[in-house]
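The values are calculated or read from the model by the stated rules, or taken from the named source; none is laboratory data. Computed from a predicted structure; not experimentally measured. Neighbour counts run over all protein chains shown; Cβ positions are idealised from the backbone, glycine included. The protein model used for the area step is the full one, side chains on, heavy atoms only, and it has no ligands, DNA or RNA in it. Shrake-Rupley method; radii C 1.70, N 1.55, O 1.52, S 1.80 Å.
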Amino acid sequence: RDLHSFPTRRSSDLLNFFLQNIFRKSSFREKQTDIIHRAMHGLSTVGLLPTGAGKSLTYQLSALLMNGLVMIIDPIKSLMKDQVDNLKAIGIDSVFINSALSATKRIQAGNDLVQGRFKFAFISPERLIIDEFSKQLSEMKNHCFCFAVLDEAHCVCEWWHEYRPAY
């Protein structure tokens, strides 16, 4: 059973359990549970929270309670690496795929992604328009895709087309 099939009190208890035992946080911040519940119900969700207010936790916790891969489109290489390092530190397989990796490592990471090895994949926007990567994604027929996250979306709003056309 997934989270949205439980009564509200039970789902709150489950969310708090995961928050405290996996992410080592004592309580949710304002609006985090609203975002998590929308994501868990499969609704398109915009999580607008101030910097440092726990947006990443909302999609990460939601994803852990659902089947499938979560792809995070992120324009900032250092943020991708930090997120992957943090997830790996709590035992969650994840990967980033961007130009910081050698061609060989990018191909291997893509192949591992196709095989369903990761729960989270942090992808640069440009990676999505590369034919080789698109072909790899099309091979994911046997693996479930949970949802996608457009991280750092304020960059598009602020700088629009001047920022990065692929984003």
**Request:** Restrict the check to segment 53-67 and report whether at least one residue is in a loop (DSSP other than H, G, I, E, B), over 29 Å from Lys141 (Cα atoms) and not polar (S, T, N, Q).
**Result:** yes
**Asked** Can you tell me which residues in segment 94-143 are assigned to a loop (DSSP other than H, G, I, E, B) and surrounded by 13 or more Cβ atoms within 10 Å (Cβ to Cβ)?
**Response** Asn98, Ala100, Leu101, Gly116, Arg117, Phe118, Lys119, Ser124, Ile130, Glu139, His143
**Request:** Looking at (1) open to solvent by less than 40 Å² (accessible area, probe 1.4 Å); (2) farther than 20 Å from Cys144 by Cα; (3) modelled with pLDDT under 90; (4) out of contact with any Ser or Thr (no Cβ under 8 Å at 6 or more places or on another chain), find the lone condition where Pro50 falls short.
**Result:** (1)
**Asked** Before we move on, is Lys88 among the basic types (Lys, Arg), free of Cβ contacts under 8 Å to residues at least 60 places away in the same chain and under 23 Å from Phe18 (Cα atoms)?
**Response** yes
**Request:** Tell me, please, whether a residue that is among the hydroxyl-bearing types (Ser, Thr, Tyr), touching a helix residue (DSSP H, G or I) at 6+ places or on another chain (Cβ under 7 Å), at pLDDT 90 or above and assigned to a helix (DSSP H, G or I) can be found in segment 10-19.
**Result:** no
